[in-house]
Amino acid sequence: MEENKKSPLQIARASYEPKLPTALKGSVAIKEGEKTESIENQKEIKELFPITYGMPTVEFVEGSTKAYPAINVGVILSGGQAPGGHNVISGLFDGLKKINPNSHLYGFLGGPSGLINHTYEELTADIIASYRNTGGFDIIGSGRTKLEDTEQFDKAAEICIKLGIKAIVIIGGDDSNTNACVLAEYFAMKKYGIQVIGCPKTIDGDLKNDLIEISFGFDTASKVYSELIGNIQRDANSAKKYWHFIRLMGRSASHITLECALQTHPNVCIISEEVAAKKQRLSDVVNVIVKSIVTRANGGYNFGSVLVPEGLLEFIPDMKALIAELNDLLADNTEFKMLKADDEKYAYILNKLSPDNASVFESLPVFIAKQLTMDRDAHGNVQVSLIETEKMLIEMVKKRLNELKEDGVYKGKFSALSHFFGYEGRCAFPSNFDADYCYSLGYNASLLVAEGKTGYMSAIRNTYYPSEEWIAGGVPLVSMMNMERRNGKEVPVIKKALVDLDAAAFKCLESLRPTWSGPNDTYAYPGPIQFFGPSEVCDRRVRTLFLETEARHEKELICK
């Protein structure tokens, strides 16, 4: 990247030196923990992964100096972008060169398709230098090609053998790491001698468990969105008008919505997992929003903010049933794909659905019904990012308020604006936390490779505390697996971590909501991400991680 194309911030960030856990700064030894088993469906998963099932967790500790042979490694950026991906690659590169200066790192271009199509580039020190501490995945590009069949696996092995690559590091979310798990098992079964290591990437925050505390990019993305929400709330508080309905990225889980709420204090925050647990219908969700609008209007506040998770509709029981049947109905349905006119598609769906689901489908606004029948994703699921849930809620809220106005219950004014925050946060400059965390994940992955591990995810724990106290190691990918229905079939996948309604973060939200929803000025304005300045500003952790850590140590929770 030419120097004159760099912004002043990019030039300044290039000089930032990411911090490593103490355990990774010198010579290391590897310590094995307890053997693991899959999170669910142990019998089925063990039958599908007989070689990599039951491996122990591992941790790196201080050890004596040892010599490692030079090794060639391939790296892939897979799936949606997340801040910090470049630093994972930087850490991997530096780790490999520290292990043995004659090691080489190859980047496969455009995601997993680069591995299959044999398009790659050797990543040199000069290339790496241009991308350190920056956002985006543009160093080698990303893609959503799925590694699912043996023909793909053999094509991948072919290029690895040609380049002398002994390990592949796949940087991705739960689906990408599911592919990494399958690939590791296949390579081990075929005795190709090619290791596979995963890294936990997703701004959605749903790739987490007891040993993966946070996925990279979540810290940065939630702070970017919180800045925007804070700006909008300050504008609303200044203009004294408009209700802002803000839909936030998160394919299934509501982690981003929860975190942004804790940072910004919106008037209404809908959590999908809570909606499902309470078996709330769409009308119930609307009533929650309407109640806040009426209460604030009665206090003279005809403005406010509503946070809505992207995947909300799939958690509303009657909508979930409808979407599930639509997913099965539209899976490989060539008859439906041949229809051109919208009214023909609508009639076809109504005729094929069960009576209950047909009734729900028919009750929806036409634009939402149409969006529910758009092309499915690679797993046969509805593309929730394309469904304008926030606009649907505005229309339903407006209708309900008009009814209340006729009854004399509501006398306020309602004007609404809709927003969707998704792409704005995926390629931001990584926060100091994500810069350090991602670099550590990559460096740690190089050691897992050097130690001959395969089928592991690079894991950095104890992340609420300063980086020197972080714990580095690896978690078997198979230990995160369960069986789920995809494209009408039961398949092994890494289980998504949804918001835990019994956990500290949600409990804090629950305790604060009554204050936020009323006629008060309780907004918080977190401002932009800071890279330089006091540690309490630049190195602050997301609220979710803070609360989870405090709860783990049985400390009194401070919800504010």
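The values are calculated or read from the model by the stated rules, or taken from the named source; none is laboratory data. Here the structure is a predicted model, which means the values were calculated and not measured. Note that each Cβ is placed from the backbone with ideal geometry, even for glycine, and that neighbours are counted across all protein chains shown.
Overview of values
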quantity	calculated
Extreme residue, surrounded by the fewest Cβ atoms within 10 Å (Cβ to Cβ), among residues of segment 281-298 that are under 15 Å from Pro514 (Cβ atoms) and of a type in the set (D, E, K, R)	Lys291
Within segment 130-161, considering residues that are at pLDDT 95 or above and among the aliphatic types (A, V, I, L, M), the one surrounded by the most Cβ atoms within 10 Å (Cβ to Cβ)	Ala156
Single residue of segment 390-410 satisfying the filter (of a type in the set (Asp, Glu) and without any contact (Cβ under 8 Å) to a residue 40 or more places away in the chain) that is surrounded by the most Cβ atoms within 10 Å (Cβ to Cβ)	Glu395
Conditions (1) under 29 Å from Leu329 (Cα atoms); (2) part of a loop (DSSP other than H, G, I, E, B); (3) more than 21 Å from the chain's Cα centre (by Cα): number failed by Met396	(2)
Subset tally (residues that are of a type in the set (Ser, Thr, Tyr), closer than 30 Å to Leu393 by Cβ and at pLDDT 95 or above) for segment 417-476	1
Hey, Ser90 in contact with a Gly (Cβ under 8 Å, 6 or more places away or on another chain), within 17 Å of Gly173 (Cβ to Cβ), at pLDDT 95 or above and not hydrophobic (A, V, I, L, M, F, W, C) or not	no
Residue that is nearest to the chain's Cα centre (by Cα), among those in segment 420-457 that are more than 19 Å from Tyr131 (Cα to Cα), hydrophobic (A, V, I, L, M, F, W, C) and outside any helix (DSSP H, G or I)	Phe421
The listed residue being over 26 Å from the mean Cα position of the chain (by Cα), free of Cβ contacts under 8 Å to residues at least 12 places away in the same chain and surrounded by fewer than 13 Cβ atoms within 10 Å (Cβ to Cβ), out of Glu47, Glu34, Glu62	Glu47
Test: residue in segment 85-104 that is among the polar types (S, T, N, Q), within 20 Å of Ala435 (Cβ to Cβ) and outside any loop (DSSP other than H, G, I, E, B)	yes
From Ser252, Ser226, Ser238, residue being out of contact with any strand residue (DSSP E or B) (no Cβ under 7 Å at 6 or more places or on another chain), at pLDDT below 95 and small (Gly, Ala, Ser)	Ser252
Condition met for Leu109 (surrounded by 24 or more Cβ atoms within 10 Å (Cβ to Cβ) and aliphatic (A, V, I, L, M))	no
Residue among Glu274, Glu259, Glu213 that alone is closer than 23 Å to Thr515 by Cβ, among the acidic types (Asp, Glu) and surrounded by fewer than 24 Cβ atoms within 10 Å (Cβ to Cβ)	Glu274
Residue in segment 411-420 that is of a type in the set (D, E, K, R) and either touching a Phe, Trp or Tyr at 6+ places or on another chain (Cβ under 7 Å) or free of Cβ contacts under 8 Å to residues at least 24 places away in the same chain (or both) present	no
Entirely in segment 109-201, the strands (runs of 3 or more DSSP E) that have 1 or more residues that are among the polar types (S, T, N, Q) and touching a Ser or Thr at 6+ places or on another chain (Cβ under 8 Å)	195-200
Val409 being among the β-branched types (Val, Ile, Thr), in the same structural domain as Arg296 (by TED's automatic domain parsing) and in a loop (DSSP other than H, G, I, E, B)	yes
Those residues of segment 331-347 which are without any contact (Cβ under 8 Å) to a residue 40 or more places away in the chain and within 35 Å of the chain's Cα centre (by Cα), in sequence order	Asn333, Thr334, Glu335, Phe336, Lys337, Met338, Leu339, Lys340, Asp342, Lys345, Tyr346
Residue list for segment 348-366, filter: under 26 Å from Ile394 (Cβ atoms) and over 33 Å from the mean Cα position of the chain (by Cα)	Leu350, Ser359
Any hit, segment 504-524, residues being farther than 16 Å from His265 by Cα and either touching a residue at least 12 places away in the same chain (Cβ under 8 Å) or small (Gly, Ala, Ser) (or both)	yes
Segment 319-341 - residue that is at pLDDT 90 or above and in contact with an Asp or Glu (Cβ under 9 Å, 6 or more places away or on another chain) and, of those, surrounded by the most Cβ atoms within 10 Å (Cβ to Cβ)	Leu322
